[in-house]
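Each reported figure results from applying straightforward, stated rules to the coordinates on display, with no laboratory input. Since the structure is predicted, the reported quantities are computational estimates derived from the model, not experimental observations. Quick reminder, even Gly has a Cβ in these numbers, built from the backbone with ideal geometry, and neighbours come from all protein chains shown.
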Amino acid sequence: MKNITRLFKPAIFVLVFTVSFAKFSYSQEVIDKVIAVVGGDMILSSDVEGELMRMKMQGNLPDGDVKCKLFEQLLVQKLLLHQSKIDSIQTNEVAIEGEVDRRLRYFINQIGSEKALENYFHKSIYVIKEDLREVIREQQQTQQMKQKVVEKITVTPLEVKNFFKSIPSDSLPMIPEQYELQQIVIFPPSSAEAKFRVKEKLLDLRSRILKGERFSMLAMAYSEDLASAKKGGELGFLTREELVKSFADVAFSLAEGQVSQIVESEYGFHIIQMIEKRNNQVNVRHILLKPQYTSDMIVEAQNRLDSIAKLIRSDSLTFEKAAAKYSEDKKSNLNGGLVVNQVNNTKLFEKEQLQPSDYYVIKDLKVGEISSPFESRDEHGNVIFKIVKVKNILPSHKANLKDDYSIIQGLTKASREQDVLLKWIDEKQKTTYIKIDPEYKNCNFSSKGWFK
């Protein structure tokens with residue numbers, strides 16, 4: 001049996017798809033050089049040093065020869081990137097822009113300010129964003145290529161059980177504290193009034209466009225989809241499956257240059273303009289507006305939930321019956337309010353898988369206790385109000401099949417995927433141009449085919 005402990009440490013073949021500034025974080029005072037070429041893509045010494053810097057910032061350095069491990073991760077990334085270009089794998093530019101903004105905010109919060117970030121990297125925010133955009137685009141391509149390599153892999157319950165038995169007890173991962181939650185959700189009251197105001201504003205914007213104003217300029221000024229607003233509302237080429245149904249149905253029906261009527265989706269309200277249609281893809285612009293709620297509406301929602309919570313606390317009504325009667329969340333109201341974790345399709349949530357607003361409210365609650373009413377967001381970023389009951393808290397523990405089947409199942413699948421990826425790497429090394437600087441010839445790489 002292969003060494004199972006490799007699954008619980010940063011495996012060489014698991015690429016660094018987290019918060020990476022490897023391409024641009026290294027000091028400009030260091031003379032850069034090409035240390036490898038894979039296909040037509042180069043790896044620079046600054047790529048390795050930059051990744052080292054990022055890991056030090058996060059206090060997360062792996063054991064052993066760190067530079068060799070990071071270098072091989074980059075080699076694997078470039079091999080996947082090279083194949084993704086051959087296979088014409090497309091990127092989602094909207095997702096890229098959103099990730100650029102998310103990561104930039106993270107680093108600014110960590111370091112204190114935009115100015116401090118600029119001083120740290122010796123670059124302007126604009127250049128940092130441009131470099132980060134390139135990093136994320138490459139990461140998206142390589143991740144999609146990796147998924148393509150392993151997409152057909154499945155595991156059976158017997159394989160999961162046998163895999164678990166093969167893990168030495170001292171190598172079992174520790175599972176963080178997990179929460180099982182019930183909720184009662186209501187949408188903001190007077191939503192009809194708020195929606196009416198949004199529609200009026202969109203109709204005004206549509207009228208201005210039809211009279212000659214540029215859609216892109218109005219999108220930059222008004223759209224609440226910040227990722228696309230910076231590009232004049234443009235989404236890039238997307239298939240029908242990559243868009244929500246109500247949006248896709250309208251987008252694919254438009255002629256070039258045509259502006260839609262108002263479209264409602266789970267994200268809010270849109271107007272859409274067709275830029276170009278190509279085969280089974282469309283490139284459109286849109287302006288997104290969400291209903292805005294007054295302080296009176298917010299207080300009304302919280303008071304209503306507070307009344308429901310008092311009924312439950314006084315034993316006049318069970319939480320389950322209250323969820324069925326009052327909750328407007330269709331995913332949980334008929335299930336006693338039980339919330340399902342969409343990440344792993346279980347009823348348990350780790351701290352990081354909860355909305356920050358939700359965790360802040362429940363972290364001090366005991367099992368069986370009900371929160372006060374609070375404002376939160378649904379999966380589409382829309383305002384909702386809720387009360388939450390902590391049904392169970394599973395303490396931190398070593399993984400076991402009874403409580404953590406989905407986690408063990410994921411590890412079993414990851415092990416098989418890693419084996420398949422390793423075999424794919426070995427095959428592609430034979431047919432891909434690879435040249436590596438002799439500086440790294442003494443590295444003990446996990447895959448032996450890098451040097452030919």
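Below are the figures for this structure:
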| item | result |
| --- | --- |
| Label-point separation in nm, L210 to Y360, each point 7 Å along Cα→Cβ | 4.3 |
| Protection proxy ranking, peptides 334-341, 135-142, average beta carbon neighbours within 10 Å, highest first | 135-142, 334-341 |
| Nearest-20 debye value, the chain charge dipole, Cβ charges on Lys, Arg, Asp, Glu | 720 |
| Read-out P(r) over Cα pairs in 20 Å bins from 0, in percent, derived from the coordinates shown; its label in [x] 19, 47, 31, 2; [y] 22, 52, 24, 1; [z] 24, 55, 21, 1 | [x] |
| Extended-chain gain in nm, criterion 0.36 nm per residue less alpha-carbon gap, Y405 and Q281 | 40.7 nm |
| Alpha-carbon radius of gyration plus Dmax, which is the widest Cα pair, for region 191-289 in Å | 12.5, 40 |
| Rounded if a/c under 1.5, otherwise prolate or oblate - region 294-450, Cα gyration tensor axes | prolate |
| Nonlocal amide H pairs with A36, under 5 Å, H built at 1.01 Å | I43, D437 |
| FRET E, pair K148, V244, Förster distance 35 Å, beta-carbon r, rounded to 0.05 | 0.90 |
| Computed magnitude of the charge dipole of region 128-193 (debye, nearest 20; Cβ of K, R +1, Cβ of D, E -1) | 380 |
| Protection-proxy order for peptides 45-55, 410-420, 370-380, each taking the mean of Cβ atoms within 10 Å per residue, highest first | 45-55, 410-420, 370-380 |
